[in-house]
Amino acid sequence: MEDQQKLDEDYIESVVNQEAAAADSWMESDLADEAATNIDYYYGEKFGNEEDGFSQVVTRDVLETIEGIMPELMKIFTAGDQVVAFDPVGPGDEQKVEMEGQYINHVFMNRFDGYTLLYNWFKDALMVKNGYIMAGWEVREEVQFRTFEGLTKEEDKLLKDGQSDDETIEGTEWSMDSYEKDDDGKYNVRVKLIRQRGTPLVTNIPFEEFLIKERSVSIKESTFVAWRPTKTIGELIEAGFDEDDLENAAPHVDRSDSVRDARFRNPRESTIGDDSTGYGSYNREVDYMEAWTRLWCPDEERMKLIKSFHVGETCLDFEETDRCPIISLTPMMMPHKHIGMCPADLVRDIQEIRSTIMRQMLDNLALQNAGRYTAVEGQVNLQDLIDNRIGGIVRQKMPGAVQRLDTPDLSQFTMPIMADLQQQKEDRTGVSRMSAGLDSNALNSHQTAQAVNQVMSAAQGKILLIARSFAETGVKELFIELYKLIRENQTMPDLIPMQGRFALINPQEWIDRHDVHVTVGIGNGNKDQQLMHLQNISQLINGIKNSDSGFMITDQNVYNLAIETIKNSGYDTPAKFITNPEMIEKPEPGPSPDMISAQAKQAEAETAKMKEQHRQQQEFPWQKKIEALEVGLEGTQQRPVGIGDGKP
């Protein structure tokens, strides 16, 4: 076997240049042409077969389809407070994983403008087959200024010696920006602070800037993947590259790029040459490329994934890495193939046919309104006939010298064809007038709610399949990558709002997670349906709680149900209405109803007993007196004597 060269810059440069040229040749052929055509059709560009004097209208089937799918996708992924949720890896991990998931969601949606990232990512995929996004870690320099006024000589010396205990400059790189001494002998100092702050970075990658080896199955399994944007010299120096290495870099090559040209064709935006900017050499554009190549390492006898950095055809640097951070998604996955299909592919031919028929219908209508005529030569004033003014007079020398050519009405034949094409488009894409709320027939009294829901559910099935494909491939992979980046690189705790309070998150304590599920609104119906389901769950829980199995329902279960009900009612902050039971001390449980009833009966019995004792105490002295009087009378009268009712 031929000895392989060592993995150095020259060898990597040679391999990457060959792979990039091969990938560029096939991606810039039919694949790029199809993507550019889809963009042109989205914008409603003309087909190129138009003739002067005839209708040139273009129907917007590609645009209608994509814009019909996008609202559903964005509602599914962004309507809730979380895009994804991480799974616990063991008992007792539930609370940690919930906080970690909320932190990742908060960072993505609020700090990255996650809505825009998802929107562009999804729309790229719907339009040009595959959408690409890249996640990385970026260290930025943050410059701030701090002013100290009225410092004593001792405080000024401590500041100069770097021994100040001021928290704002502790642990940061700083320098004196201005320094002055006032008339009172006090010092006023302005300090420039430079902090190095690391943060995740998520970037949408245009289709035309992505390269992958031909016939690759996926990015993970491909032996060559690259991102090839255009950068300025200043941007590369700011990113950490040596200025000397960039000094002789080849200028940007304005290669044929049909996809980029299509993007900026409507409205048309011209390109500006590199020499016309006049901003200096640091603004000179160059072709930059980051490539991930799998190469055999002879020293270690194993395959390595090498990330290399290139300007033009020159390799600036390289390093070994464990993964490629570019993530792809496609609406319609093709087995054993990276490039998929998109809704624009499905309706492109329908747009061509509908546009052609629509043009013919409009031409036919125009001929019916302003048709063609026959005129006997020399017997008609042709200028009157050509002017064709409303109410105008056509002068003729003999009756019948002007006759209208009959133009048949084609609408009775073309309208059914247009309706059939519309139905085909709806069947292919799932975007229907009923699901969009535009079909008046759905509101007719003879249409039952169940029938309408069945039709809408069937129509939305294709859209939900696209959403599930996005969720289980690209979105899931992106959030796992974000989790890894934050866990590996973020060294400082972060404070974020969470459930009505602020929580301190320390990524250094996170564990390595691989299990994640994407929580989207698929299969749960709309908000009204979810609320109805939650009401049924509430009744079920109440029934269980009042039965012998009531021990199965905890305060946390009830709290979770209340939270979901409030969220689905449209309120983003449930903490305004209910407090987590883990955050408050639970009061002592009150007596049960049976115990309360028994205690009441016991109290009544004791009350009756006390009344009886009191009565007896009141009656006892009088009884003794009566009995003594009876004994005295019996001794005197020598006969039995009874005093009181019923006594003889």
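Out of GLN82, GLN18, GLN5, report the one residue that is more than 29 Å from ARG268 (Cβ to Cβ), part of a helix (DSSP H, G or I) and either open to solvent by 70 Å² or more (accessible area, probe 1.4 Å) or not small (Gly, Ala, Ser) (or both).
GLN18
Going by what's in this entry, would ASP349 be described as surrounded by fewer than 16 Cβ atoms within 10 Å (Cβ to Cβ) and under 25 Å from LEU31 (Cα atoms)?
Yes; evaluated as a whole, the condition is true for this residue.
Restricted to region 538-585, and to residues that are open to solvent by less than 40 Å² (accessible area, probe 1.4 Å) and in a loop (DSSP other than H, G, I, E, B), which residue is modelled with the highest pLDDT?
So the residue we want is ILE553.
For region 325-342, enumerate the residues that are open to solvent by 60 Å² or more (accessible area, probe 1.4 Å) and farther than 16 Å from LEU126 by Cβ.
Residues satisfying the conditions are PRO335, HIS336, LYS337.
Considering only region 32-50, state which residues are buried (at least 16 other Cβ atoms within 10 Å of the Cβ) and farther than 24 Å from SER432 by Cβ.
Listed by number, the residues that qualify are ALA32, GLU34, ALA35, ALA36, THR37, ILE39, ASP40.
For residues that are within 30 Å of SER432 (Cβ to Cβ), open to solvent by less than 40 Å² (accessible area, probe 1.4 Å) and modelled with pLDDT under 85, scanning just region 458-509, find the one that is nearest to the chain's Cα centre (by Cα).
GLY461
Could you figure out which of (1) within 28 Å of GLU51 (Cα to Cα); (2) β-branched (Val, Ile, Thr); (3) open to solvent by less than 30 Å² (accessible area, probe 1.4 Å) isn't true of ILE386?
For ILE386, the failing item is (3).
Can you tell me how many residues within region 27-50 are assigned to a loop (DSSP other than H, G, I, E, B) and either touching a residue at least 24 places away in the same chain (Cβ under 8 Å) or under 30 Å from the mean Cα position of the chain (by Cα) (or both)?
Number of matching residues: 3.
Would you point out which residue out of GLY53, GLY101 is open to solvent by 70 Å² or more (accessible area, probe 1.4 Å) and over 13 Å from the mean Cα position of the chain (by Cα)?
The unique qualifying residue is GLY53.
The values are calculated or read from the model by the stated rules, or taken from the named source; none is laboratory data. Because the structure is a prediction, the values reported are computed rather than measured. Because the Cβ atoms are built from the backbone with ideal geometry, glycine has one as well, and the counts that use them run over all protein chains shown. Side chains included, ligands, DNA and RNA excluded: accessible areas come from the protein's heavy atoms. Shrake-Rupley method; radii C 1.70, N 1.55, O 1.52, S 1.80 Å.
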